[in-house]
1. Determine whether ASN94 is at pLDDT 85 or above, surrounded by 10 or more Cβ atoms within 10 Å (Cβ to Cβ) and in a helix (DSSP H, G or I).
2. Is it true that some residue in the stretch 58-65 is within 41 Å of the chain's Cα centre (by Cα), of a type in the set (Val, Ile, Thr) and open to solvent by less than 100 Å² (accessible area, probe 1.4 Å)?
3. Consider LYS38 carefully, then state whether it is modelled with pLDDT under 90, open to solvent by 90 Å² or more (accessible area, probe 1.4 Å) and in a helix (DSSP H, G or I).
Amino acid sequence: MQEITKKVERQELEIHYIKKTLDELVEQNKIQNKQLSKISESISKQEIILERVSNLDNKYTEAIKRLHSRIDEQQRICERKITENKMNIEKILNERNSICPALEKDIEFLKKQQEKHAKVFWWAGTLIISVVIVAIIKGQFIK
């Protein structure tokens, strides 16, 4: 009987030890569950952040595409205007070249007229000076 009581006591100690270990295990399990729930929350927050980053990346890519299309459009407009300006410059130069010969003829005619008038004024000035000199000389000798 003593043996049985010893066995029962030993088993009771072992059961107590097992109970204590199970209690500790349950406590550790509770702690792990809390930690796992925190990890789960963190992962869900990271998923939200990743989704937002992905959306930002998509928006950024679309914005860059729009920007490049605007730049290309402005470049085409500038090239078209440059071409138009070159054509206008050529047109103006051609008009100038077509007007210039007519102006050159008029300028030549005016130069000839100026030469004729210069000769007339020279002869008229010479004649007037000669008359004045003759009048002065005559006035000096006649007194």
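1. On the way: at pLDDT 85 or above: no; surrounded by 10 or more Cβ atoms within 10 Å (Cβ to Cβ): yes; in a helix (DSSP H, G or I): yes.
Judged against the criteria, ASN94 is not a match.
2. Restricting attention to the stretch 58-65, the residues satisfying the condition of being within 41 Å of the chain's Cα centre (by Cα) are 58-65.
Still in the running and of a type in the set (Val, Ile, Thr): 61, 64.
With open to solvent by less than 100 Å² (accessible area, probe 1.4 Å) added as a condition, the list becomes 61, 64.
Checked the stretch 58-65: at least one residue is within 41 Å of the chain's Cα centre (by Cα), of a type in the set (Val, Ile, Thr) and open to solvent by less than 100 Å² (accessible area, probe 1.4 Å).
3. Working: modelled with pLDDT under 90: no; open to solvent by 90 Å² or more (accessible area, probe 1.4 Å): yes; in a helix (DSSP H, G or I): yes.
Against the criterion (modelled with pLDDT under 90, open to solvent by 90 Å² or more (accessible area, probe 1.4 Å) and in a helix (DSSP H, G or I)), LYS38 does not qualify.
The values are calculated or read from the model by the stated rules, or taken from the named source; none is laboratory data. None of the values given here were measured: they were computed from a predicted structure. Cβ coordinates were reconstructed from backbone atoms using ideal geometry, including for glycine residues, and neighbour counts include every protein chain displayed. In case anyone asks, the SASA skips ligands and DNA or RNA and just uses the protein heavy atoms, side chains included. Shrake-Rupley method; radii C 1.70, N 1.55, O 1.52, S 1.80 Å.
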